[in-house]
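Report on the following structure.
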Amino acid sequence: MFSSLKFRKRDKLFFIFLLIGFLIKYNYFNWYIFNVPSLKILLLKNLIIFMAFILLSGIILKNKRRKIITLVTYLIFSFLFIANLYYNRYFGNYLSLTDMIMGQGIRPFRVLTRHLINWKLDPFFIFDIPILIYLTVKSKAETPILKKSEFSRKNLLKNNFILVLLIIILFFTQLIYSYSLFPADSLMELFNHSTPAFVNVYGIIPLYLAEYQELKHKSQRSREISNKDLEIDLRKVETEKELSSEAELDNIKNVIIIQLESLDAKLIDYKYNGQEVTPFLNKLKDKSKYFSDIYAHHINGSFDAEFSFFTSLYPINRNYTFRSNDMREFNTIVNVLRQDGYNTYAFHGNKEGFFYRDKGYLEMGFDRFYSREDFSVSEAVIGEDTYLGINDYDLFDQSIDYLDQAKEPFLSVFITVTSHTPFTFYPEEYKVKEFSDIETTIVRDYFNSMHFVDHSLEMFFKKIKANSMMEDTLFVIYSDHVADINREEYKSGDNFANNRNIKEPEQIPLFIYHQDIEPEVIKKSGTHTDIAPTILDIMGYQEKPEGFLGVSLLKEIENPLFFLHEIPQIIYKDQLFIRVPAGPEEESEFEKISYKKSTGDLNVELPEKEKERLNNTINYMQEVMNRFLSE
């Protein structure tokens, strides 16, 4: 049809830019965001799209009204693409309906412009939009290209019978071939097993339709089975039950957990112009058990770190735990210590409902959750308040009074906020002059933010000591995730020799401090999942609590580390593997895609038993998360 019609020059340009722009976004969607593994299928889909565009060209370009409708539809598609692009850069997954519905804390525009935009690459994705808008505005409203008789569906099919037949043949060929690579008993079974495999077979729009069906099913399921006792076999996923039995301390009365926002492991001992970014933490490192090879569970948001710490389980994608699940059903370190007489408190500078912490913390059984409403700006030392809440200095400063009133023994958990991206929440008067010549604004602000947080921690420790709580208290400090900065002056990551569009595992610091603890740097690899078992090990517990999947970092056993993204990742002996998309009826394959630069590329294979345990762990976590749903 395209060659048989006489298009105006502007209409031809509109069509060409529309086709090129769509194919660029569509292929990037498939190849980089969903990591579609079959190039043959992608080429087949491209051919189908090209032929479909040719077939529909007359309809698209019939008149100005049709071009406006086409443009609006394309803009919606482009917006969805851009949203997925930036979400994928930050989390390594696609932007799901769950994120759209449940997500909170919309970031300021500054985060986008300073943090996520790639100014060299991203203009390539939007160059077509102003051109299409211009061509649409300038197109003439009169003289339709097709006469009414030519526009009928009957004539459209009659005049393009061969093209329509080819599209149908190619479509079913692609579908049958795709399904042969990723067989499944049903569409939803394939969706739950592997979204990249699902996209490879059915496409992007069906993915969102399948997720909608899954969310609807979950809502019904929570009402139908919330009180049923489902049997889940832990034996296929758990490792050893025993802890190290090498507890050094017998006088731990209180435990203070501090989850710091966006602190990179790389920042510890880091200097710029001779100035340490985190001088207090650097000194604390020399007095602590410091774990130098710890990685974050950052699948959906910062709350993944909390969930993983509290439960010693693995967060999965498309799950906002504190909202989606009933935290009363999980065994947590809060439960364990409460049963042994500990009082439990949580502190957070933001509103209590941020990321549904009010619901989750209440269900976990905290005796008290101190949030933004419990802190005063007017009586604060710094006195700065943002949409993220009160600054960390005032959070720690005013929390001292609450700790003085707390009943011992106690567990206290702090969630900080000041060093949150875009790293502009530190007070101006706390800028460090040695950082002033850093050209990249986001790096300069990040260093200033972390220096201020470090200063706040130092003040907190001094007041703890002044209030005679130091000798009885075990401190655990870790980060929720990295800052995700990738600039010439400073990179949060770049630890792995990665040649695929896979989110690099995020390396974070972990400090465990007590005034009587034996300081050492421990290089054993671990994740948030392993922190609670390690704390209990230090406190003298003999076995891990029921349901905990983590491993005490004091034990010599070296298990693979699991990260349950849409494309699951595994770190084993400093080598990074992914589970290659496959159908649920096929045996999953694992591909080594990278290695830690400091170690090099070793001839290491993932043991068969660990491959089996990974698949069982994914199935287990999906079953657990679907079992403990909120009503």
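Pairs with C-alpha atoms separated by more than 19 Å, drawn from the list Lys9/Lys64; Lys253/Lys283; Lys573/Lys597, are Lys253/Lys283. Taking every DSSP bridge with both residues inside the stretch 234-627, close to 50 percent are antiparallel. Couplings for the stretch 162-176, taken from phi via the Karplus curve 6.51 cos²θ - 1.76 cosθ + 1.60 with θ = phi - 60°, read 5, 5, 4, 5, 4, 4, 4, 4, 5, 4, 6, 5, 4, 5, 5 Hz in order; Gly and Pro are left as x.
Apply 1/(1 + (r/R0)^6) to the Cβ-Cβ distance of Glu556 and Thr173, taking R0 = 35 Å, and write down the FRET efficiency to the nearest 0.05. FRET efficiency, Glu556 to Thr173: 0.05.
When +1 charges are put on Lys and Arg Cβ atoms and -1 charges on Asp and Glu Cβ atoms, the dipole computed for the chain relative to its Cα centre reaches about 5280 debye. Based on alpha-carbon atoms, the Kirkwood radius and the radius of gyration of the chain give Rg/Rh equal to 1.02.
Among Ile33, Ile204, sorting on how many other beta-carbon atoms sit within 10 Å of each Cβ, with the fewest leading, yields Ile204, Ile33. Expressed as a fraction of 2.2 N^0.38 Å, the C-alpha radius of gyration for the stretch 223-356 is 1.31. Each residue of the stretch 250-266 is assigned a 3J(HN,Hα), and the resulting list reads 10, 10, 7, 9, 10, 10, 10, 9, 10, 9, 8, 7, 6, 8, 7, 4, 5 Hz, derived from the Karplus form 6.51 cos²θ - 1.76 cosθ + 1.60 (θ = phi - 60°), x at Gly and Pro. Distance between the pseudo-spin-label points of Glu384 and Phe124 (7 Å out from Cα toward the beta carbon): 3.8 nm. In the chain, the longest principal axis of the Cα atoms and the axis of helix 204-225 are about 50 degrees apart.
Residues whose amide H comes within less than 5 Å of that of Val255, counting only those at least five positions distant or on another chain, are Phe410, Leu411, Ser412, Leu474 (H built at 1.01 Å from N in the peptide plane). Full extension of the segment from Asp233 to Gln339, taken as 0.36 nm per residue of separation minus the current Cα-Cα distance, would add 35.7 nm.
3J(HN,Hα) couplings calculated from phi for the stretch 68-76 with the Karplus curve 6.51 cos²θ - 1.76 cosθ + 1.60 (θ = phi - 60°) are, in sequence order, 5, 4, 4, 5, 4, 4, 5, 5, 5 Hz; Gly and Pro show x. Comparing Cα centroids, the stretch 16-89 and the stretch 192-209 end up 16 angstrom apart.
Each value in this text was obtained by applying a stated rule to the coordinates, not by laboratory testing. Nothing here was measured: the structure is a model prediction, and the numbers come from that model. Virtual Cβ from ideal backbone geometry, glycine too; neighbours counted across all protein chains shown.
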